[in-house]
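Undergrad: What follows is a single structure, and I will ask about it in a moment.
Only the coordinates and a few stated rules stand behind these numbers; no lab work does. Fair warning: this is a prediction, and the values are worked out from it, not measured in the lab. A quick note on method: Cβ atoms are made from the backbone with ideal geometry, for glycine too, and the neighbour counts reach across all protein chains shown.
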Amino acid sequence: MNSLAAGLVGLVAALHLYFLVLEMLLWTKPYGRRVFGLTVEKAEMTKTLAMNQGLYNGFLAAGLIWGLVSGDFAVKNFFLICVIVAGVFGALTVSRKILWVQALPAVLALALSAAA
């Protein structure tokens, strides 16, 4: 895999680690509430759901890191496809911004990885 493709896969993994931190640790803090546009009450009510979502983002990051470290094309691509599906679903159900923040980097990483 070329270094640009590996860098993009690493970026997607880093984004999902960031999402994990936002959702599991910062959801009810001022920064987390500002990122997601939440009131104190809404953040407290949805804290458990956000922690669960953050854990799933951690699994996506772990799978991408596993694919990078092992050099296993199938593992890396499987997790990139999972990220793309999650991003498209999030864009359809929550916010179109998710398409650009989550799915687009994964699509680019997948395309470069396939071309490498």
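Undergrad: Choose one of Val88, Leu60, Gly10: the residue whose Cα lies farthest towards the positive end of the charge dipole of the chain (beta-carbon charges +1 Lys, Arg; -1 Asp, Glu; about the Cα centre).
TA: After comparing all options, I get Val88.
Undergrad: Would you mind counting up the charge near Glu23? Only other residues with Cβ under 13 Å from its Cβ, with Lys and Arg at +1 and Asp and Glu at -1. Can you show the working numbers first?
TA: Numbers: positive: Lys29, Arg33, Lys47; negative: none.
With Lys, Arg at +1 and Asp, Glu at -1, the neighbours total +3.
Undergrad: Per DSSP helix of 4 or more residues, -39500 (n - 2.57); summed, then divided by the residues of the chain. What does that give at 222 nm, rounded to the nearest 500?
TA: Working: 5 runs with 93 residues, N = 116.
Result for the chain: -27500 deg cm²/dmol, rounded to the nearest 500.
Undergrad: Using only Cα atoms, find the angle between the long axis of helix 40-70 and the longest principal axis of the chain, and express it within 0 to 90 degrees, rounded to the nearest 10.
TA: Once rounded, one gets 10 degrees.
Undergrad: If one takes the longest principal axis of the Cα atoms in the chain, at what angle in degrees, from 0 to 90 and to the nearest 10, does the Cα axis of helix 104-115 lie?
TA: Between helix and principal axis, roughly 10 degrees.
Undergrad: Show me the three semi-axes of the equivalent ellipsoid for the range 10-68, from the C-alpha gyration tensor (sqrt of 5 times each eigenvalue), largest first, rounded to whole Å. Please report the intermediate quantities before stating the final value.
TA: Details: eigenvalues 116, 23, 7 Å².
Its equivalent ellipsoid spans semi-axes of 24, 11, 6 Å.
Undergrad: At a 10 Å Cβ-Cβ cut-off, how would you order Glu44, Glu23, fewest neighbours first? Present the calculation step by step, with values, prior to reporting the outcome.
TA: Details: Glu44 13, Glu23 24.
If I rank by nearby Cβ atoms, fewest first, I get Glu44, Glu23.
Undergrad: Could you tell me the extents of the range 3-115's C-alpha atoms along the three principal axes, largest first, rounded to whole Å?
TA: Here the Cα extents, ordered largest to smallest, are 47, 25, 18 Å.
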